[in-house]
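A.B. asks: The structure under discussion is supplied below as structure tokens; questions concerning it will follow.
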Amino acid sequence: MITRRTFAKSALAALPLASAAFAQKKVAPNASKFGGVQIGVQTYSYRTLRDFSKPLDLAGQKELVNRIVDAMVQDQINSCEYWIAFIEPVGGTYSRTGTTPEMLTAREELKKWRLSHPMEIFEYSRKVITDAGITINSAMFNFTDYIVDGEIDHAFEAAKALGTKVVSANCTVKSIKRAAPFADKHNLLLAAHSETAPFDTTLDGMVFADNLLNALKQSPNMRITLDTGHFTAYGQNALQFVKDHHDKIVNLHLKDRLKNPPEPHTDENTPEFGKGDAPIKEILQYMKKQKLTFPATIEYEYKSDRPAVEEVRRCVEYAKAALA
């Protein structure tokens, strides 16, 4: 199993590029909208499509985007959150903590790339994704404590190029406060992600409800991306949070987790949908009843020997059955 904490150590073989003929296929309109609830997918779910040990040039980035689109078409999902780190030249691997010479050098290279305003790959992504009948509802970026202001600007510039008005933030309590004014500057929504990020060295992270609610105070453009799995794993009630604060939620990450595990970040703590403690069905049913319009975005992260395309489809079917 590869998580955001461990994928830098793995070298997964990239799958062959989809044929040109298949690339012309599209997702059917509202293909993953059930009972009025929009089911989407986080492109992180298809992380095995990239070998993160190898850098990407622009041509490689475009090929990877084609693979992602091919996967979403196969799964017939018409909504997605675009994980920016997926296509970054060094794979976003050095957005975490660490001070080895290799990490520091790679971070500097990543910073230079971001500051070069590399909009072509995001414009390309927008075209091929939307041409396939898929809406990019949000873009996710790692707001670490050590990125420079220009990198924060880059996140919002990329979101604009992708055609979305929402930036989901993997962040810390410190970094979300720093990023909030940039949401105002760019007139986009910035949604704090309810996860204790891999690069967060504190114990009091953004997975906790009080920190999420405090982030809302930083700007009128602040919102929340609620992760049902992380929220549950840290002993909190995701269903009640949706009921109480759905007007501030712009995106939901659908994931199952076990509640209060001894080691929160082990693979065994992220089971298949329906085998953990996250109230996925209850939340989806509540969204249907209340006609909530933010997407419920599948984040396939549990361990499986099946291909990602197959597992994501299983997650879609789970959500569809929950909304029947």
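The values are calculated or read from the model by the stated rules, or taken from the named source; none is laboratory data. Not measured: the values here are computed from a predicted model. Glycine also receives a Cβ, built like all others from the backbone with ideal geometry; neighbour counts cover every protein chain displayed. Just so you know, the surface numbers come from the protein's heavy atoms only, side chains and all, with ligands and any DNA or RNA stripped out. Shrake-Rupley method; radii C 1.70, N 1.55, O 1.52, S 1.80 Å.
A.B. asks: Which whole-number percent gives the relative contact order of the chain, counting Cα pairs below 8 Å spaced six or more residues apart?
C.D. replies: Reported as a whole number, the value is 19 percent.
A.B. asks: Rounded to the nearest 500 deg cm²/dmol, what is the calculated helix-only ellipticity per residue at 222 nm for the chain, with -39500 (n - 2.57) per DSSP H run of length n ≥ 4? Kindly include the intermediate steps, with their values, before the conclusion.
C.D. replies: Working: 11 runs with 126 residues, N = 324.
Taken over the chain, the calculation gives -12000 deg cm²/dmol.
A.B. asks: What's the extension gain from Asn30 to Lys243 if we count 0.36 nm per residue and subtract their Cα-Cα distance?
C.D. replies: 74.2 nm
A.B. asks: Using the Karplus equation 6.51 cos²θ - 1.76 cosθ + 1.60 (θ = phi - 60°), what ³J(HN,Hα) coupling, rounded to whole Hz, does each residue of the range 165-171 give in order, writing x for Gly and Pro?
C.D. replies: For the range 165-171, the Karplus-derived couplings read 9, 10, 10, 7, 10, 6, 8 Hz, x marking Gly and Pro.
A.B. asks: Taking 8 Å as the Cα distance limit and 6 or more residues as the minimum spacing, I'd like the relative contact order of the range 75-188 as a percentage.
C.D. replies: Contact order relative to length: 29 percent.
A.B. asks: Using the alpha-carbon centroid of each, what span in Å lies between the range 155-217 and the range 296-324?
C.D. replies: 26 Å
A.B. asks: Moving to a separate point now. Out of His230, His253, His186, any idea which swings most in a Gaussian network model of the chain, alpha carbons joined below 10 Å?
C.D. replies: His186
A.B. asks: Cut-off 10 angstrom, C-alpha nodes, Gaussian network model of the chain. Which of Ala278, Ala59, Ala197 fluctuates the most?
C.D. replies: Ranking Ala278, Ala59, Ala197 by mean-square fluctuation puts Ala59 first.
A.B. asks: Further question: Roll a 1.4 angstrom probe over the protein heavy atoms and tell me the percent of accessible area of the chain that is carbon or sulfur.
C.D. replies: The computed percentage sits at 52.
A.B. asks: May I ask for the equivalent-ellipsoid semi-axes of the chain, computed as the square root of five times each C-alpha gyration tensor eigenvalue and listed largest first in whole Å? The partial results should precede the final answer.
C.D. replies: Values: eigenvalues 131, 117, 79 Å².
Semi-axes (√(5λ), whole Å): 26, 24, 20.
A.B. asks: Once Rh for the range 59-156 is found with the Kirkwood sum over Cα pairs, what is the Stokes-Einstein diffusion coefficient at 4 °C and 1.567 mPa s, in µm²/s? Write down the numbers at each step before the final one.
C.D. replies: Values: Rh = 14.4 Å.
Using the Kirkwood radius from Cα pairs, D works out to 90 µm²/s.
A.B. asks: Within 10 Å, Cβ to Cβ, of Ala322, how many net charges do the neighbouring residues add up to if Lys/Arg are +1 and Asp/Glu are -1?
C.D. replies: +1
A.B. asks: Arg223's amide H: which non-local residues (gap 5+, or another chain) put their own amide H closer than 5 Å, with H modeled 1.01 Å from N in plane and none for Pro or chain starts?
C.D. replies: Residues meeting the amide H criterion: Leu190, Ala191, Ala192.
A.B. asks: Show the residues, 5+ positions off or on another chain, whose built amide H is closer than 5 Å to the amide H of Gln38.
C.D. replies: Ala296
A.B. asks: Between their Cα atoms, which of Lys25/Lys288; Lys160/Lys288; Lys26/Lys291; Lys177/Lys320; Lys62/Lys174; Lys62/Lys255 are more than 31 Å away from each other?
C.D. replies: Where the Cα-Cα span goes over 31 Å, the pairs concerned are Lys177/Lys320; Lys62/Lys174.
A.B. asks: While we're on this one: Quick one: of the DSSP bridges fully inside the chain, what percent are antiparallel, nearest 5?
C.D. replies: Values: 2 of 32 bridges.
Here the antiparallel bridges make up roughly 5 percent for the chain.
A.B. asks: Given 10 Å bins starting at zero, what is the percent of C-alpha pairs of the range 151-283 in each, up to the one with the largest pair distance?
C.D. replies: 13, 43, 32, 12, 0
A.B. asks: For the range 28-87, what is the relative contact order in percent, using Cα pairs closer than 8 Å and at least 6 residues apart in sequence?
C.D. replies: That works out to 56 percent.
A.B. asks: Under the rule of at least 5 residues apart or a separate chain, name every residue whose amide H is placed under 5 Å from the amide H of Trp83.
C.D. replies: Thr43, Tyr44, Met140
A.B. asks: Hey, another quick one. Please give the peptides 156-169, 304-317 ranked by average Cβ packing (other Cβ atoms within 10 Å per residue), highest first, as a rough proxy for protection.
C.D. replies: Per-residue Cβ counts within 10 Å, averaged per peptide and sorted highest first, yield 156-169, 304-317.
A.B. asks: Along its three principal axes, how long is the range 186-229 when you only count alpha carbons? Whole Å, largest extent first please.
C.D. replies: 30, 18, 18
A.B. asks: Can I ask one more? I need the P(r) histogram for the range 99-169: all alpha carbon pairs, bin width 10 Å from 0 out to the longest distance, whole percents.
C.D. replies: 20, 46, 26, 8, 0
A.B. asks: Leaving out ligands and nucleic acids, note down the accessible area per residue over the chain with a 1.4 angstrom probe, in whole Å².
C.D. replies: 41 Å²
A.B. asks: Based on a Kirkwood Rh over C-alpha pairs, give the Stokes-Einstein translational diffusion coefficient of the range 166-214 at 25 °C and viscosity 0.890 mPa s in µm²/s.
C.D. replies: Estimated via Stokes-Einstein, D reaches 226 µm²/s.
A.B. asks: Further question on the same structure: Could you tell me which helices of the chain pass both thresholds, a Cα extent of 24 Å or more along their own axis and a mean Kyte-Doolittle hydropathy of at least -1.0, with helices taken as whole DSSP H runs?
C.D. replies: The qualifying helices are 58-75.
A.B. asks: Let me ask another. Using 0.36 nm times the number of residues separating Asp57 and Asp305, minus their current alpha carbon distance, what extension gain do you get?
C.D. replies: Stretched fully, the Asp57-Asp305 segment lengthens by 86.3 nm.
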